[in-house]
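Chemist: One structure is given below, represented as structure tokens, and several questions about it will come after.
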Amino acid sequence: MTGMERRKFLSSAACLIGTSKAWAAANDRVRLAIVGLGGRGKDHLRGFSSLANVEVSAIVEPDGKRAEEAASMLFKKTGKGPRVESDMRRIFEDKNIDAVTIATTNHWHALSAIWAMQAGKDVYVEKPVSQNFFEGQKLVEAARKYDRIAAGGIQRRSFPRFQRIARMLREGAIGEIYQGRWVFPGKRDSIGFKPIEKPPSWLNWDLWLGPATDRPYHGNLVHYNWHWFWDFGNGELGNNGPHLTDFTRWVMNKELPVKIYSTGGRFGYKDQGETPNTQTVTWRYADGSEMIAELRGLYTSEVMSFDFYGTKGHMHVAADGTYQLTMGRNKQPEPDAEPLPVMGDHFVNFTDAVRARDRSKLTCEIREAHLSTALCHLGNIAYRVGHEVQFDTAQEKFVNDPEADRLLRREFRAPYVIGDTI
């Protein structure tokens, strides 16, 4: 598609939005904007546009090539083109938008959601719902202050198999759980070194940077490898970790820990990445119970799984939600219960809650998503300071550890700022 054809396409798409009232008249229609159109954002586009009475009205993406591709995808699927913007603030001003889904880089998640809620929109924000602990606090505060339906993109809470396991274990199937453990093998290779260069013409670099510290462009940031830089991502612990901390915390009925210890490193190669490719984290709670995480980015025969140890037995849970329950000192597992579907539709759950104006219907309401994300932030802080840290759960700060406290938040680059008052 040439530049002239692209402009005609986007112009036609915008015109279609302007005449959408005839086909979007139903009172319970949810009109969505999707912010961030990478791999996960395109999942949002496909998923939400497939739902009855949901209209993807707008997309936001600072990468012009991605924006064009996403708009074309939606047009081919629905016959209707979305409004396309590079700056989300223009979309948030649109009174016809009911809700916003966010699949940006991590460092944009919380600010995007807060701006949207301040503009009267409900929000669905992908994991991790924040790039640092302070942002997560403000995200929950904004949801309450502006009375919005706010969901986190941590999907297992909507999956029948995982719902059943959580119910079984919370009801005492293995007694009192004193330890939960999970393993995640990330299979990450070296990202090498990319030179500093001028940002490409198709990318709005200022909007991509947003609240992050100003720095020059290089090809290891755009697009996926930003995960391995502290200014933008949170390493593997913050990338896939929220899914696993959330399920473990849900099963064990826990919130924030009082002690955190983490070790690891970036082993096996030298490259531009800053975050560990190998990491072990222990979160200890006031009652003495603990959660343990092990992340491996290099070579291992292990697969993603969970283990829960209780005073009456042990449960091993596979990635697909099948499980083995072993009681007492038996060596043979108990028979599995009747199989349930693996998947549940997290997108449907969000739009149903939006229509009902009832956040209690959300399987992963924003506070739960914040707490599970916060465990990842606390684990990364313990890793970065290099010693065990103690956390005051009432004050939500570390105990006599100013170095760790400084890592609870970031310095925001104006005008992309989350203030103390939101």
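Chemist: Determine which member of the set K95, K187, K138 is charged (D, E, K, R), touching a residue at least 40 places away in the same chain (Cβ under 8 Å) and more than 30 Å from H316 (Cβ to Cβ).
Modeler: So the residue among K95, K187, K138 that is charged (D, E, K, R), touching a residue at least 40 places away in the same chain (Cβ under 8 Å) and more than 30 Å from H316 (Cβ to Cβ) is K138.
Chemist: Also: Identify, please: which residue in the stretch 44-66 is assigned to a helix (DSSP H, G or I) and out of contact with any Phe, Trp or Tyr (no Cβ under 9 Å at 6 or more places or on another chain) and is, among those, surrounded by the fewest Cβ atoms within 10 Å (Cβ to Cβ)?
Modeler: Out of the qualifying residues, it is R46.
Chemist: Let me ask something additional. Taking D98 as the residue in question, decide whether it is modelled with pLDDT of 95 or more and either over 26 Å from P242 (Cα atoms) or of a type in the set (A, V, I, L, M) (or both).
Modeler: yes
Chemist: Next question, about the same structure. Out of curiosity, is R156 in a helix (DSSP H, G or I) and without any contact (Cβ under 8 Å) to a residue 24 or more places away in the chain?
Modeler: Against the criterion (in a helix (DSSP H, G or I) and without any contact (Cβ under 8 Å) to a residue 24 or more places away in the chain), R156 does not qualify.
Chemist: Can you tell me how many residues within the stretch 250-281 are surrounded by 19 or more Cβ atoms within 10 Å (Cβ to Cβ) and touching a Pro at 6+ places or on another chain (Cβ under 9 Å)?
Modeler: Residues that pass the stated criteria total 3.
Chemist: Which of the residues spanning the stretch 296-323 are part of a strand (DSSP E or B), surrounded by 14 or more Cβ atoms within 10 Å (Cβ to Cβ) and of a type outside the set (K, R)?
Modeler: Matches in the stretch 296-323: S305, F306, D307, F308, Y309, G310, G313, H314, M315, H316, V317, Y323.
Chemist: When you go through V123, V100 one by one, which is the residue that is over 19 Å from A374 (Cβ atoms) and out of contact with any Leu (no Cβ under 6 Å at 6 or more places or on another chain)?
Modeler: On inspection, the qualifying residue turns out to be V100.
Chemist: Is it true that some residue in the stretch 127-140 is part of a loop (DSSP other than H, G, I, E, B), among the hydroxyl-bearing types (S, T, Y) and more than 15 Å from L408 (Cβ to Cβ)?
Modeler: The answer is no, given that none of the residues of the stretch 127-140 is part of a loop (DSSP other than H, G, I, E, B), among the hydroxyl-bearing types (S, T, Y) and more than 15 Å from L408 (Cβ to Cβ).
Matching residues to (1) assigned to a loop (DSSP other than H, G, I, E, B); (2) among the polar types (S, T, N, Q):
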site: V342; (1), (2): yes, no
site: E368; (1), (2): no, no
site: T373; (1), (2): no, yes
site: A382; (1), (2): no, no
site: A394; (1), (2): yes, no
site: L408; (1), (2): yes, no
site: A414; (1), (2): yes, no
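Chemist: Let me ask another. Any idea which residue in the stretch 184-243 is nearest to G265 (Cα to Cα), counting only those that are within 18 Å of the chain's Cα centre (by Cα) and of a type in the set (S, T, N, Q)?
Modeler: In this case the residue turns out to be N234.
Chemist: Which one is farthest from A52 (Cα to Cα), of the residues in the stretch 333-364 that are in contact with a helix residue (DSSP H, G or I) (Cβ under 6 Å, 6 or more places away or on another chain), among the hydrophobic types (A, V, I, L, M, F, W, C) and surrounded by 15 or more Cβ atoms within 10 Å (Cβ to Cβ)?
Modeler: Once the filter is applied, the top-ranked residue is L340.
Chemist: Output yes when any residue across the stretch 365-380 is over 23 Å from the mean Cα position of the chain (by Cα), of a type outside the set (D, E) and surrounded by fewer than 24 Cβ atoms within 10 Å (Cβ to Cβ), and no when none is.
Modeler: The answer is no, given that none of the residues of the stretch 365-380 is over 23 Å from the mean Cα position of the chain (by Cα), of a type outside the set (D, E) and surrounded by fewer than 24 Cβ atoms within 10 Å (Cβ to Cβ).
Chemist: Quick check on my filter: what residues within the stretch 141-153 are of a type in the set (A, V, I, L, M) and part of a helix (DSSP H, G or I)?
Modeler: The answer is A142, A143.
The values are calculated or read from the model by the stated rules, or taken from the named source; none is laboratory data. From a predicted model like this one, the values you see are computed outputs, not experimental measurements. Cβ: placed from backbone, ideal geometry, glycine included. Neighbour counts: every protein chain shown.
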